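First the structure, in the form of C-alpha coordinates, and then the observations on it.
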Amino acid sequence: MTKIMDNGKVLSQDRLSKDIYSIRIKTDMAKDARAGQFVNVYTSNPSKLLPRPISICEIGGDSIRLVYRVTGEDTGTKEFSGLKAGDDIKLLGTLGNGFPIDSKSTILIGGGIGIPPMLETAKQIEGERIIVLGFRDSDTFLVDEIESYGKVYIATEDGSIGTKGNVLDAIRENNISAKRILACGPTPMLRAIKKYAVENNIECFLSLEEKMACGIGACLACTCKSSDVDSHSKVKNKRICSEGPVFNALEVEL
(Lines give C-alpha, C1' and ligand atoms only; values in the text may rest on other atoms or scores of the structure.)
Protein backbone atom coordinates (compact mmCIF):
# COMPACT_ATOMS: atom_id res chain seq x y z
CA MET A 1 0.00 0.00 0.00
CA THR A 2 1.35 3.40 -0.98
CA LYS A 3 2.51 5.65 1.84
CA ILE A 4 2.80 9.36 1.20
CA MET A 5 4.07 12.40 3.07
CA ASP A 6 1.51 15.12 2.63
CA ASN A 7 1.01 18.67 3.78
CA GLY A 8 -2.67 18.45 4.56
CA LYS A 9 -5.01 21.39 5.03
CA VAL A 10 -7.14 21.69 8.17
CA LEU A 11 -10.82 21.98 7.26
CA SER A 12 -12.23 22.22 10.78
CA GLN A 13 -11.45 21.57 14.44
CA ASP A 14 -13.93 20.93 17.27
CA ARG A 15 -13.68 20.08 20.93
CA LEU A 16 -15.85 17.03 21.70
CA SER A 17 -15.30 16.68 25.46
CA LYS A 18 -12.86 17.72 28.17
CA ASP A 19 -9.64 16.62 26.43
CA ILE A 20 -10.96 15.17 23.18
CA TYR A 21 -10.68 17.04 19.87
CA SER A 22 -11.87 16.32 16.33
CA ILE A 23 -9.95 17.59 13.33
CA ARG A 24 -10.86 17.22 9.65
CA ILE A 25 -7.98 17.37 7.18
CA LYS A 26 -7.98 17.61 3.41
CA THR A 27 -5.33 15.20 2.15
CA ASP A 28 -4.55 13.09 -0.91
CA MET A 29 -4.19 10.01 1.26
CA ALA A 30 -7.95 9.91 1.92
CA LYS A 31 -8.56 7.99 -1.32
CA ASP A 32 -6.50 5.01 -0.08
CA ALA A 33 -7.50 5.09 3.60
CA ARG A 34 -9.24 2.12 5.24
CA ALA A 35 -11.17 1.73 8.47
CA GLY A 36 -8.75 0.84 11.29
CA GLN A 37 -5.66 2.45 9.77
CA PHE A 38 -3.78 5.39 11.23
CA VAL A 39 -1.62 8.33 10.16
CA ASN A 40 1.50 9.88 11.63
CA VAL A 41 1.00 13.55 12.45
CA TYR A 42 4.04 15.84 12.74
CA THR A 43 4.41 18.86 14.98
CA SER A 44 6.05 22.12 13.89
CA ASN A 45 8.40 22.00 16.90
CA PRO A 46 11.89 20.89 15.75
CA SER A 47 12.62 19.53 19.25
CA LYS A 48 9.84 16.96 18.78
CA LEU A 49 11.22 14.79 16.00
CA LEU A 50 8.85 11.87 16.32
CA PRO A 51 5.33 12.11 14.87
CA ARG A 52 2.18 11.23 16.80
CA PRO A 53 0.25 8.19 15.50
CA ILE A 54 -3.50 8.88 15.43
CA SER A 55 -6.16 6.47 14.23
CA ILE A 56 -8.51 7.46 11.44
CA CYS A 57 -12.01 8.19 12.70
CA GLU A 58 -13.74 8.95 9.39
CA ILE A 59 -12.87 8.93 5.70
CA GLY A 60 -14.34 11.41 3.21
CA GLY A 61 -13.84 11.79 -0.51
CA ASP A 62 -10.80 14.04 -0.12
CA SER A 63 -10.44 14.25 3.65
CA ILE A 64 -9.93 12.26 6.81
CA ARG A 65 -11.10 12.96 10.33
CA LEU A 66 -8.93 12.35 13.38
CA VAL A 67 -10.27 12.31 16.93
CA TYR A 68 -7.54 12.49 19.56
CA ARG A 69 -6.87 13.19 23.23
CA VAL A 70 -4.67 16.07 24.39
CA THR A 71 -2.27 14.40 26.81
CA GLY A 72 -0.42 17.39 28.32
CA GLU A 73 0.67 20.99 27.86
CA ASP A 74 4.06 20.26 26.30
CA THR A 75 2.93 17.69 23.76
CA GLY A 76 2.29 17.45 20.06
CA THR A 77 -1.40 16.87 20.71
CA LYS A 78 -1.63 20.19 22.56
CA GLU A 79 -0.20 21.88 19.47
CA PHE A 80 -2.67 20.08 17.21
CA SER A 81 -5.61 21.29 19.32
CA GLY A 82 -4.68 24.89 18.48
CA LEU A 83 -4.91 24.40 14.71
CA LYS A 84 -7.77 26.05 12.84
CA ALA A 85 -9.33 25.90 9.37
CA GLY A 86 -6.79 26.82 6.70
CA ASP A 87 -3.70 25.75 8.67
CA ASP A 88 -1.24 23.27 7.20
CA ILE A 89 -0.50 19.96 8.92
CA LYS A 90 2.15 17.43 7.93
CA LEU A 91 1.06 13.78 7.69
CA LEU A 92 2.48 10.39 6.76
CA GLY A 93 0.02 7.72 5.73
CA THR A 94 -1.96 5.76 5.39
CA LEU A 95 -0.32 3.31 7.80
CA GLY A 96 -1.01 -0.17 9.09
CA ASN A 97 -3.69 -2.73 8.36
CA GLY A 98 -7.36 -2.05 8.87
CA PHE A 99 -10.29 -4.08 10.18
CA PRO A 100 -11.86 -6.82 8.04
CA ILE A 101 -15.03 -5.51 6.44
CA ASP A 102 -17.80 -7.86 5.26
CA SER A 103 -21.35 -8.94 6.07
CA LYS A 104 -20.76 -10.94 9.27
CA SER A 105 -22.73 -9.93 12.35
CA THR A 106 -20.24 -7.97 14.43
CA ILE A 107 -19.77 -6.57 17.91
CA LEU A 108 -17.68 -3.42 17.63
CA ILE A 109 -16.00 -2.54 20.92
CA GLY A 110 -14.21 0.72 21.66
CA GLY A 111 -12.67 1.89 24.90
CA GLY A 112 -11.46 5.43 25.57
CA ILE A 113 -9.45 6.81 22.68
CA GLY A 114 -9.95 3.45 20.97
CA ILE A 115 -13.52 4.55 20.20
CA PRO A 116 -12.82 6.87 17.20
CA PRO A 117 -11.79 4.16 14.65
CA MET A 118 -15.00 2.30 15.39
CA LEU A 119 -17.05 5.06 13.70
CA GLU A 120 -15.70 4.48 10.19
CA THR A 121 -15.65 0.73 10.82
CA ALA A 122 -19.32 0.78 11.82
CA LYS A 123 -20.15 2.76 8.69
CA GLN A 124 -18.53 0.15 6.45
CA ILE A 125 -19.73 -3.10 8.05
CA GLU A 126 -22.51 -4.57 5.89
CA GLY A 127 -24.00 -7.01 8.39
CA GLU A 128 -25.60 -6.53 11.79
CA ARG A 129 -23.62 -4.10 13.94
CA ILE A 130 -23.80 -4.01 17.73
CA ILE A 131 -21.58 -1.35 19.28
CA VAL A 132 -20.27 -1.37 22.85
CA LEU A 133 -18.39 1.69 24.11
CA GLY A 134 -16.48 2.06 27.36
CA PHE A 135 -15.91 5.36 29.19
CA ARG A 136 -14.62 6.35 32.60
CA ASP A 137 -17.64 8.54 33.36
CA SER A 138 -20.38 10.62 31.73
CA ASP A 139 -17.86 12.71 29.73
CA THR A 140 -18.63 10.76 26.55
CA PHE A 141 -17.93 11.52 22.89
CA LEU A 142 -18.98 10.30 19.42
CA VAL A 143 -21.92 8.33 20.81
CA ASP A 144 -24.57 10.26 18.83
CA GLU A 145 -22.67 9.73 15.59
CA ILE A 146 -21.88 6.05 16.10
CA GLU A 147 -25.44 5.12 17.04
CA SER A 148 -26.50 6.08 13.50
CA TYR A 149 -24.90 2.80 12.37
CA GLY A 150 -26.05 0.31 14.99
CA LYS A 151 -27.42 -0.28 18.46
CA VAL A 152 -25.06 1.28 21.02
CA TYR A 153 -24.49 0.03 24.57
CA ILE A 154 -22.40 2.06 27.00
CA ALA A 155 -20.37 1.01 30.02
CA THR A 156 -18.93 3.53 32.48
CA GLU A 157 -16.56 2.81 35.31
CA ASP A 158 -18.57 4.97 37.72
CA GLY A 159 -21.96 3.76 36.51
CA SER A 160 -23.12 7.25 35.51
CA ILE A 161 -24.34 6.00 32.11
CA GLY A 162 -25.33 2.52 31.01
CA THR A 163 -23.74 -0.51 32.64
CA LYS A 164 -21.51 0.10 35.64
CA GLY A 165 -18.22 -1.59 34.85
CA ASN A 166 -16.43 -2.42 31.62
CA VAL A 167 -17.44 -3.33 28.07
CA LEU A 168 -17.62 -7.05 28.84
CA ASP A 169 -19.96 -6.31 31.74
CA ALA A 170 -22.23 -4.52 29.23
CA ILE A 171 -22.05 -7.44 26.80
CA ARG A 172 -23.02 -9.94 29.49
CA GLU A 173 -25.71 -7.74 31.02
CA ASN A 174 -27.41 -7.23 27.66
CA ASN A 175 -26.89 -10.79 26.33
CA ILE A 176 -25.04 -9.47 23.27
CA SER A 177 -23.76 -12.00 20.74
CA ALA A 178 -22.44 -12.05 17.18
CA LYS A 179 -20.13 -14.03 14.92
CA ARG A 180 -17.20 -11.64 15.22
CA ILE A 181 -15.67 -9.02 17.52
CA LEU A 182 -13.69 -5.99 16.36
CA ALA A 183 -12.12 -4.03 19.20
CA CYS A 184 -9.79 -1.12 19.91
CA GLY A 185 -8.72 0.24 23.27
CA PRO A 186 -6.23 -0.13 26.13
CA THR A 187 -4.33 -3.39 26.48
CA PRO A 188 -6.09 -4.65 29.65
CA MET A 189 -9.43 -4.31 27.86
CA LEU A 190 -8.15 -6.11 24.77
CA ARG A 191 -6.65 -8.89 26.87
CA ALA A 192 -10.02 -9.50 28.54
CA ILE A 193 -11.84 -9.38 25.18
CA LYS A 194 -9.47 -11.95 23.68
CA LYS A 195 -10.08 -14.30 26.61
CA TYR A 196 -13.84 -13.84 26.24
CA ALA A 197 -13.70 -14.46 22.48
CA VAL A 198 -11.63 -17.62 22.85
CA GLU A 199 -13.90 -18.99 25.59
CA ASN A 200 -16.97 -18.35 23.44
CA ASN A 201 -15.45 -19.42 20.11
CA ILE A 202 -15.96 -15.98 18.52
CA GLU A 203 -13.68 -14.73 15.75
CA CYS A 204 -11.90 -11.66 17.10
CA PHE A 205 -9.72 -8.88 15.70
CA LEU A 206 -7.91 -6.43 17.97
CA SER A 207 -6.39 -3.04 17.20
CA LEU A 208 -3.42 -2.60 19.54
CA GLU A 209 -2.30 0.68 21.07
CA GLU A 210 1.43 1.33 21.42
CA LYS A 211 3.93 4.17 21.40
CA MET A 212 5.65 4.34 18.01
CA ALA A 213 8.72 5.87 16.41
CA CYS A 214 8.98 5.46 12.63
CA GLY A 215 5.48 4.10 12.03
CA ILE A 216 6.55 2.05 8.99
CA GLY A 217 8.09 -1.07 10.57
CA ALA A 218 11.78 -0.20 10.28
CA CYS A 219 12.77 0.61 13.87
CA LEU A 220 11.12 -2.29 15.78
CA ALA A 221 10.09 0.08 18.58
CA CYS A 222 6.45 -0.99 18.68
CA THR A 223 6.47 -4.77 18.83
CA CYS A 224 4.17 -7.20 20.57
CA LYS A 225 4.54 -10.90 21.30
CA SER A 226 3.17 -13.19 18.62
CA SER A 227 2.28 -16.85 18.31
CA ASP A 228 4.59 -17.35 15.32
CA VAL A 229 8.04 -16.16 14.21
CA ASP A 230 8.15 -12.80 12.44
CA SER A 231 9.86 -12.94 9.02
CA HIS A 232 11.56 -9.59 9.66
CA SER A 233 12.85 -9.88 13.23
CA LYS A 234 13.17 -13.73 13.24
CA VAL A 235 11.65 -13.91 16.72
CA LYS A 236 8.10 -14.20 18.05
CA ASN A 237 7.30 -10.53 17.60
CA LYS A 238 4.92 -8.55 15.43
CA ARG A 239 5.41 -4.91 14.44
CA ILE A 240 2.24 -3.12 15.48
CA CYS A 241 2.70 -0.22 13.07
CA SER A 242 3.18 -2.26 9.90
CA GLU A 243 1.77 -5.76 10.55
CA GLY A 244 -0.96 -4.27 12.73
CA PRO A 245 -2.38 -2.35 14.36
CA VAL A 246 -5.22 -4.80 13.67
CA PHE A 247 -4.44 -8.46 14.37
CA ASN A 248 -6.43 -11.64 14.61
CA ALA A 249 -6.54 -12.13 18.39
CA LEU A 250 -5.04 -15.61 18.02
CA GLU A 251 -1.89 -14.16 16.41
CA VAL A 252 -0.80 -12.06 19.40
CA GLU A 253 -0.11 -12.54 23.09
CA LEU A 254 -1.27 -9.74 25.36
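Scanning the stretch 29-44 for residues that are over 11 Å from I89 (Cα atoms) and surrounded by 14 or more Cβ atoms within 10 Å (Cβ to Cβ) yields M29, A30, D32, A33, R34, A35, G36, Q37, F38, V39.
For I154, indicate whether it is surrounded by fewer than 22 Cβ atoms within 10 Å (Cβ to Cβ) and under 20 Å from L190 (Cα atoms). Walk me through how you get there before you give the answer.
Working: surrounded by fewer than 22 Cβ atoms within 10 Å (Cβ to Cβ): yes; under 20 Å from L190 (Cα atoms): yes.
Yes: the conditions hold for I154.
Looking across the stretch 144-161, just one residue is in contact with a strand residue (DSSP E or B) (Cβ under 8 Å, 6 or more places away or on another chain), among the hydroxyl-bearing types (S, T, Y) and closer than 21 Å to P100 by Cα, and that is Y149. For the structure I just gave you, tell me whether K164 is surrounded by fewer than 15 Cβ atoms within 10 Å (Cβ to Cβ), out of contact with any strand residue (DSSP E or B) (no Cβ under 8 Å at 6 or more places or on another chain) and modelled with pLDDT of 95 or more. No. Can you find even one residue in the stretch 77-88 that is in contact with a helix residue (DSSP H, G or I) (Cβ under 8 Å, 6 or more places away or on another chain) and closer than 29 Å to E147 by Cβ? For the stretch 77-88, residues in contact with a helix residue (DSSP H, G or I) (Cβ under 8 Å, 6 or more places away or on another chain) and closer than 29 Å to E147 by Cβ: absent.
Take the conditions (1) among the β-branched types (V, I, T); (2) touching a Gly at 6+ places or on another chain (Cβ under 6 Å); (3) crowded, with 23+ Cβ neighbours inside 10 Å; I109 misses just one of them, which is (2).
A count restricted to the stretch 72-95 and to residues that are in contact with a Gly (Cβ under 6 Å, 6 or more places away or on another chain) and over 12 Å from Y42 (Cβ atoms) stands at 1. Contact annotation: residue pairs with Cβ atoms under 7 Å, 6 or more positions apart or on different chains, pairing a residue in the stretch 130-149 that is at pLDDT 95 or above with a partner that is among the basic types (K, R), are I130/K151; I131/K151; D139/K18; Y149/K123; Y149/R129. Listed here are the helices (runs of 4 or more DSSP H) enclosed by the stretch 55-158 that have at least 1 residues being assigned by TED's automatic domain parsing to the domain that holds A249 and small (G, A, S): 117-124. Of all residues in the stretch 103-129, those that are closer than 16 Å to E58 by Cα have Cβ atoms under 7 Å from Cβ atoms of residues that are in a helix (DSSP H, G or I), 6 or more apart or on another chain, in L108/M118; L108/T121; L108/A122; G110/M118; M118/I146; L119/E145; L119/I146; A122/I146.
The values are calculated or read from the model by the stated rules, or taken from the named source; none is laboratory data. For clarity, every value in this text was computed on a predicted model and none was experimentally measured. With ideal geometry, Cβ positions are generated from the backbone for all residues, glycine too; neighbour counts draw on all protein chains shown.
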